[in-house]
Amino acid sequence: MRKIGHFVTGIHVEGKSGRFGNIYNPSTGEKLAEVSIANREEVNNAVSQAKEHQQEWAQINPQNRARVFTEFVRLVNKEKKALAELLSSEHGKIVADSLGDIQRGIEVMEFVCGAPHLLKGEFNSNVGSGIDMYSLRQPLGVVAGITPFNFPAMIPLWKLGPALACGNAFILKPSEKDPSVPMRLAELMIEAGLPKGVFNVINGDKEAVDALLEHPDVSAIGFVGSTPIARYVYSQACANGKRAQCFGGAKNHMVIMPDADIEQAANALIGAAYGSAGERCMAISVAVPVGQKTAEALREKLIPKIEKLTIGTAVDEAADYGPVISKEHLEKIRGYIDIGIEEGADLIVDGRDFRLNGYENGYYMGSCLFDNVTTRMRIYKEEIFGPVLCITRADNYEDAVNIVNGCDFGNGTSIYTRDGDTARDFSSRIMIGMVGINVPIPVPLAYYSFGGWKASSFGDLNQHGPDSIRFYSRLKTITSRWPHGKKEQAAFTLPVMD
Ligand code: NAD
């Protein structure tokens, strides 16, 4: 059985804790590998290695740091297909989708190739007589990223790129469910020229996370995962005096106005709700048609499209989506369907009994559609993270806005309309971090920042784009005078510039 250890100081190291997690192929249910679950001592060792090598990296000028990223991007692109297949084998998303996962990560690495520009400070000359004032962006030291199973390439790269660009050393604690791609990315970083020890990968669970949260040499924590864990990590990191940004779960709504192109909206919904088996933090899980006529038209369009969806293995090129991550998660999603029925929602497409011939041990979930879901139901309020779409009908536009704004989560939302006035009003009043106008999954590009509001995010700076540079660096402001002419006398009042 393949064993996955940790990656520290540029080499693979065996786990010492004696604890292991199992890695499965969700398409077949077959066990692929065992991953070491780190103990506190192993985490401490990775942090001390990172601390030892951080200064060496910080001394490399930003242009040369960027050259390492350029080479890394070239190497990742060269083996993108193989990486995508590896990713799919542990995650279960179809290979075309894994290619997108990697691509969105690469784009952040391309963004940080602009490190010399991104790290520019500010300068004012002669703010007072002979006095200049300037600010510098400096690294924090050792920083850590804790990432979820659903984007095992993209999210580690979203953390890693900006953290390294700013001159930090970085510890990654990827999801214990699909760690092979992050481990390969670490190897490629070394191949690209990153000094050893600057980027270490520690595999593990709560024990490793707690060790990072409590380690005095870890200055910042970037977390992505479910809301309860995001809330926990944020509170612990803050209590221990660390900088933290913690991104949580989601419940994303698409509002469909009566004037929308219903065919276009339905197509967008199908991809956004069922793509990647609904295991995306930006998946649309609630459709909010405005008015009964819109709701009926949407429902009629959706049903045949959902029934035609092809579910297959992650390597099936004809599949629209593959299995979910684990047997436990499959049971949890099925459980939500039972809950929805008990709560009185109308299950109009029932995918619970779907089985893929020849792959009976795989974790496949058929597509489900609920209608007449109210905002009091658990299937509305809780993140299901599976191929399940709920229709929550709104009487009018104001009602739709209130539904979206009343939701505890605030990651993404979108509106389908032909009316610019409505779209503009929606984007201004809606209390959600990322908004799409006739765009179903409005994930910002690498040079903008990504982040939700409310229970989808804890902390005040977002991922990638300019915010990521602010998060992974700290500002120092210098006031400098080179005396000339007369000697200064002692001053006892607060200095003000003449
Ligand atoms: P998860 O919260 O179970 O795990 C995330 C990370 O936290 C993993 O590395 C895991 O090992 C660690 N962890 C798990 N339990 C822990 C505990 N008790 N204490 C400390 N650490 C713990 O999330 P997941 O199932 O891997 O990922 C899916 C979730 O991530 C969904 O809720 C999804 O919406 C969310 N997500 C959010 C974003 C975003 O940007 N907002 C992006 C992707 C995924």
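No value in this document is a laboratory result; all are computed from the given coordinates. Every value quoted in this text rests on a predicted model; they were computed, and no experiment measured them. All Cβ positions, glycine included, derive from the backbone under ideal geometry; neighbour counts span all protein chains shown.
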Could you give the spread of the C-alpha atoms of region 47-141 along their three principal axes, from largest to smallest, in whole angstroms?
65, 29, 20
In terms of the ratio Rg/(2.2 N^0.38 Å) built on C-alpha atoms, what value belongs to region 102-159?
1.71
If you rank H464, H12 by fewest surrounding Cβ atoms within 10 Å, what's the result?
H12, H464
Within the chain, what's the longest run with no trypsin sites (Lys or Arg not before Pro) in a DSSP loop and at most 16 other beta-carbon atoms within 10 Å? Give the range, please.
197-307
The relative contact order of the chain, taking Cα pairs under 8 Å that sit 6 or more residues apart, comes to a percentage of 18 percent
How large are Rg and Dmax for region 37-87 when calculated on the C-alpha trace, in angstrom?
15.7, 37
Measure of compaction for region 432-496 (Cα Rg per 2.2 N^0.38 Å)
2.06
Compute the distribution of all C-alpha to C-alpha distances in the chain, in bins of 20 Å from 0, and list the percent of pairs in each, rounded to whole numbers.
23, 51, 22, 4, 0
Report the Cα-based extents of region 158-256 along its three principal axes, largest first, to the nearest Å.
47, 38, 26
Residue span K16 to E398: 0.36 nm per residue of separation minus Cα-Cα distance leaves a gain in nm of 131.7 nm
Taking H placed 1.01 Å from N in the peptide plane, check which residues at least 5 places from V13 or on another chain put their amide H under 5 Å from its amide H.
H6, F7, V8
Per region 254-357, sqrt(5λ) over the Cα gyration tensor eigenvalues, sorted largest first, in Å, gives 25, 17, 12
The longest stretch of the chain containing none of the GluC sites (Glu not before Pro) that sit in a DSSP loop with at most 12 other Cβ atoms within 10 Å is 15-316
Over all directions, region 92-223 yields a Cα convex hull whose mean projected area in nm² is 9.9 nm²
By how many nm would the segment from E296 to D217 lengthen if fully extended, with 0.36 nm per residue of separation less the alpha-carbon distance?
22.7 nm
Any idea what the alpha-carbon Rg over 2.2 N^0.38 Å comes to for region 345-399?
1.40
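Among DSSP bridges having both ends in the chain, what percentage is antiparallel? Round to the nearest 5.
45 percent
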Orientation-averaged projected area, Cα convex hull of region 5-84 (nm²):
7.3 nm²
Please give every one of the aspartates and glutamates within straight-line cross-link reach of K381, meaning a C-alpha to C-alpha distance under 13 Å, and leave out same-chain neighbours fewer than 8 residues apart.
E343, D408
Estimate the FRET efficiency between N126 and V443 by the formula 1/(1 + (r/R0)^6), using the beta-carbon distance for r and 35 Å for R0, to the nearest 0.05.
0.20
By counting other Cβ atoms within 10 Å of each Cβ, how are H53, H117 ranked from fewest to most?
H117, H53
Counting other beta carbons within 10 Å of each Cβ, put V373, V127, V404 in order, fewest first.
V127, V373, V404
Set the bar at 21 Å for Cα to Cα. Now go through K206/K242; K3/K81; K120/K196; K80/K120; K173/K251 and name every pair that lies beyond it.
K3/K81; K120/K196; K80/K120; K173/K251
Using 1/(1 + (r/R0)^6) with R0 = 56 angstrom and r between the beta carbons of Q489 and W453, what's the FRET efficiency to the nearest 0.05?
0.60
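Where a ≥ b ≥ c are the square roots of the eigenvalues of the C-alpha gyration tensor, would you call region 358-469 rounded, which needs a/c under 1.5, or, failing that, prolate if a/b is larger than b/c, or oblate? Let's see the in-between values first.
Numbers: a/c = 1.77, a/b = 1.17, b/c = 1.51.
In terms of gyration-tensor shape, oblate.
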Strictly greater than 24 Å: what percent of every Cα pair in region 319-422 meets that?
34 percent
Dividing the mean separation of Cα pairs under 8 Å (6+ apart) by the residue count of region 23-166 yields a relative contact order in percent of 27 percent
Given points 7 Å out from each Cα along the Cα-Cβ axis, report the D419 to K476 separation in nanometres with one decimal.
5.6 nm
Distance in nm between label sites at M431 and C238, each 7 Å beyond Cα in the beta-carbon direction?
1.8 nm
